[in-house]
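Values quoted throughout were computed directly from the atomic coordinates according to the rules given, and no laboratory measurement underlies them. All figures in this text were calculated on a predicted structure; none of them were measured in a lab. Glycine also receives a Cβ, built like all others from the backbone with ideal geometry; neighbour counts cover every protein chain displayed.
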Amino acid sequence: MLEAKQLSKSYNNVAALSNASIHLKPGLVSGLLGRNGAGKTTLFKILCGLVTPDSGTVNIMSKCAKPIGAVIEEPGLYKYLNAYENLKIFAQIQRAPTDNQSLEKYLKEVGLPLDRKDPVRNFSMGMKQRLGIAIALLNQPEILILDEPFSGLDPTGVASLIKLIKKLAGQNIAILISSHLMAELYKCCDFLYVIDDGEIVNQGSTQELIDEHINFYSISAVNINKAEAIQPYVIDTEKDKATLQCSGQLIPDILQNLLQSGYQVTSCVPEITLEQLLTPSPK
């Protein structure tokens, strides 16, 4: 578990972080949502001990010698080496096991092929992110921090990485992810912090924040434009996609009605912007 309280940091008298507090729990995925330059990376560097805050505290309750694994900004890989060779070098640096069985275990854990022997400069962005996560896991950390892990990924890569993050959380790891994109965090985060100009301006369970701020949902299913269940709420429709205006509390019933009527829903995405979440939740 990690608890950070009232963290502040300034550079050349410009505040990068102001009284930011977060709490990470084992098995939960927390998201840090904010614009580029909002203070996400500064906060992550403080949590990892790379930057000293001007004020505030970070308390990590762990018996591990190295409780935090992190990928900040982008994986720092040796691009002329292959995945296995990269992993072995970082294991040596971190004084983690370097035997073949241990290293292959981490490659398998993140879904990288064992027979890929070419340099990582040939890897896709998604594969590089996975290798970065494998390196972050070398010391079996209890906390995993990922800075903009979805940046540069195509939809397939995003879906694959979200699946991996959820799997790791299921191993009782506390995970913190940053992004400036709401959709990705919505799909994988249990709790959400919204940061703006270095301040945490909103926080709460992801679903609660969505329910409090959103009235529009986009639902996809074959021929959904003919579904009776959506008619009271639909404001725009195509053959296989409909935009509804309704409370988030109604969405489970709408989806259940669609399923019972034979519609196979492929996605249900809240139509929400970062600007909406920058407004504190109504009380």
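Would you mind working out the magnitude of the charge dipole of region 214-277 relative to its Cα centre, with +1 at each Lys and Arg C-beta and -1 at each Asp and Glu C-beta, to the nearest 20 Debye? Intermediate values should be presented prior to the final figure.
Values: 3 positive and 7 negative charges, 34 e Å.
I would put it at about 160 debye.
Straight distance only, please: which lysines reach the Cα of LYS241 with their own Cα at less than 16 Å, same-chain residues fewer than 8 apart left out?
LYS226
Across the chain, where is the longest run that never hits chymotrypsin sites (Phe, Trp or Tyr not before Pro) in a DSSP loop with at most 13 other C-beta atoms within 10 Å? Could you put the intermediate results ahead of the total?
Numbers: sites that count: TYR78, TYR80.
Of all site-free stretches, the longest is 81-283.
log10 I(q)/I(0), Debye, Cα-only region 167-283, no solvent, q = 0.09, 0.13 Å⁻¹?
-0.29, -0.58
Once you compute Rg and the Kirkwood Rh from C-alpha atoms, what is the Rg to Rh ratio for the chain?
Working: Rg = 20.8 Å, Rh = 20.5 Å.
My calculation of the ratio gives 1.02.
Roughly how many Å is it from the Cα centre of region 221-261 to that of region 135-166, as a whole number?
Computed from Cα coordinates, the inter-centre distance equals 32 Å.
When the chain is modelled as a GNM with alpha-carbon springs shorter than 10 Å, which of CYS188, CYS268, CYS48 fluctuates the most?
Fluctuation is largest for CYS268.
Between exposed GluC sites (Glu not before Pro) in the chain, where DSSP calls loop and at most 14 other Cβ atoms lie within 10 Å, what's the longest gap?
On the way: sites that count: GLU73, GLU238.
Here the longest run is 74-237.
Based on alpha-carbon positions alone, could you give the equivalent ellipsoid semi-axes of region 171-237 from the gyration tensor, as √(5λ), descending, whole Å?
Numbers: eigenvalues 188, 46, 22 Å².
Those come to 31, 15, 11 Å.
Hey, could you grab the Kirkwood Rh for region 58-120? Inverse mean 1/r over distinct alpha carbon pairs, Å, one decimal. Before the final figure, lay out the partial values.
Numbers: mean 1/r = 0.0756 Å⁻¹.
After inverting the pairwise mean of 1/r, the radius is 13.2 Å.
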